[in-house]
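Worksheet for the structure shown next.
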Amino acid sequence: MSKQKILYIANGNSIHDVKWISFFSNQGETFSCYLLCDTLCVLSEQTKRELAQKNIEILPQIPPFSITNPLRTYKAIRQFRRTIKEIKPDLVHVLFATPNALWLNFTKIPSIITMRGSDILIVIPDLLRKSGVKRLYFKFLYRMFEKAFRKSKSVTGTSWTQIDSAKALFEGSKLALIRTGVDVSKINEIKQTELIPDSLRDNEFVFSPRFMSPIYNIELQIEAISKLRKEILNRYTFVFIRGKQFDQHYYQEQKQKLQVLKEEINLNYIIFDYLDQSSMWMFLKKASLCMMTPISDGTPNSALEAMAAQCPLIVSNLNYDKDLFEGTCIKLKTSESSELAKTIELALENYPNDFIEKGYVQVSALGNRELEMKKLENLYKSSIVV
């Protein structure tokens, strides 16, 4: 049987995208996997080497889709079609719908769209809320997304909220819940204590694993930290991750706030530029508490990894899937920093043991990468025309 060729329209810098692709690219005898990014996605030489090691072939990048720049987009469409003709993929899989799903309007190859969160919960619905002179432009863009969704063999979401949103927007789409999933057994087994730096190895710390970007509402965490009791501040270090791709202005703003707190209340904090996968797991296993406060979310892998690492967890007051997040972590009721401060203190002093136990059971059953990717593999088989 010949290999099945999958063309991914995705972000080569996204940990989650690469996880999905590599599950199939590592099955070298079954799949050939190609990655197509737009030119806004800048891949470092190290990232290119890492992708090659995972048997992911990087294709020449194309300019981003833009209705306001029709000549550039026309050339990009021609390049996209040439790529399709050269590769002859059996399936095109879009990872993150906005704007990648728009390219599906220019191919007849069977396709799958994967929604991740803000694409279907914020960006696409907002197109229908626009007013003024550009209203027709945004409506046209919405119709293009609608066409792409309806022509796809399947549309997957990583949370029930995403599925419900797509159902309301694009009636008739074939929808399936496939969570990104985490490597539960690997997280449980890892014991590489050398990945914890000396500055933290013998210290207790509170971990904020989401990158320092506006959508992750790091400013709420910093404001809450400023309200913590002195004994908490003296005992714990607060750990943040800048991220590979970040908003420079936002990052500097939050960094300055942390520095002010260091000077005013003797706050101990560390910001890491980036943590690789194994280091992230070890930080979660060592942390006294993991907190995340995004303003929009799907089913966050960092939360699932915290459950798999059996780390106490605080999440936002968002509409997270109840089958994973009810009785498995502390969920905020508001977006108020005073509540978060009280919740941090509660979690550090009296976190419910049954939350940790149930969290591990639920993530093993409902957020396990191996099981979720098998669901996706079955979708591939049913979508590809033999």
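Quick notes on this structure:
- Residue (of Y360, L104, N378) at the positive-pole extreme of the chain, dipole from beta-carbon charges: L104
- Annotation: amide H of T237 within the under-5 Å range of E204, F205, V206, sequence separation 5 or more or interchain, hydrogens built in the peptide plane.
- Per-pair calculated FRET efficiency, R0 = 41 Å: V361 and K85 via Cβ, rounded to 0.05: 0.25
- Shape analysis of region 322-386 places it in the prolate category; the axes a ≥ b ≥ c from the Cα gyration tensor give an a/c of at least 1.5, with a/b above b/c.
- Globularity ratio of region 64-202, using Cα Rg and 2.2 N^0.38 Å: 1.35
- At full extension, K186 and K108 could sit 24.2 nm farther apart than now, given 0.36 nm per residue minus the alpha carbon distance.
- Only Lys, Arg, Asp and Glu carry charge here, each on its Cβ (+1 for the first two, -1 for the last two); on that basis the chain has a dipole of about 2040 debye about its Cα centre.
- Karplus-based coupling profile of region 341-346, in residue order and whole Hz: 4, 5, 5, 4, 5, 4, with θ = phi - 60° in 6.51 cos²θ - 1.76 cosθ + 1.60 and x standing for Gly or Pro.
- Point-to-point label distance, K134-K167, nm (Cα→Cβ direction, 7 Å offset): 3.2
- Region 36-77 and region 199-240: distance between their alpha carbon centers, rounded to Å: 36
- Here the label points at K262 and N69, each 7 Å from Cα along the C-beta direction, are separated by 3.9 nm in the simple model.
- Counting Lys and Arg as +1 and Asp and Glu as -1 over every other residue whose Cβ lies under 15 Å from the Cβ of K134, the net charge comes to +4.
- Cα gyration tensor shape of the chain, rounded if a/c is under 1.5, else prolate or oblate by comparing a/b with b/c: prolate
- Other-chain or far-sequence residues with amide H under 5 Å of F272's (modelled H): F240, I241, R242
- Amide H contacts of L175 (H built 1.01 Å from N, in plane; Pro and chain starts excluded): V155 sit under 5 Å, all sequence-distant by 5 or more or on other chains.
- Virtual paramagnetic centre 7 Å along Cα→Cβ of Q46, amide N under 12 Å, in region 252-276: 273-276
- Expressed in Å, the radius of gyration and Dmax of the Cα atoms of region 37-108 are 13.0, 38.
- Peptides 217-227, 302-312 ordered by packing proxy, namely the average of other Cβ atoms within 10 Å per residue, highest first: 302-312, 217-227.
- Using the Cβ-Cβ distance between K174 and L371 with R0 = 25 Å, the FRET efficiency computed as 1/(1 + (r/R0)^6) comes to roughly 0.75.
- Difference of contour (0.36 nm per residue) and Cα-Cα distance, S382 to R229: 49.4 nm
- Gap separating the Cα centres of region 293-319 and region 87-156, nearest whole Å: 27
Values in this text are rule-based calculations from the coordinates and carry no lab data. Computed from a predicted model, the values in this text were never measured in an experiment. We place every Cβ from the backbone using ideal geometry, glycine too, and count neighbours over all the protein chains shown.
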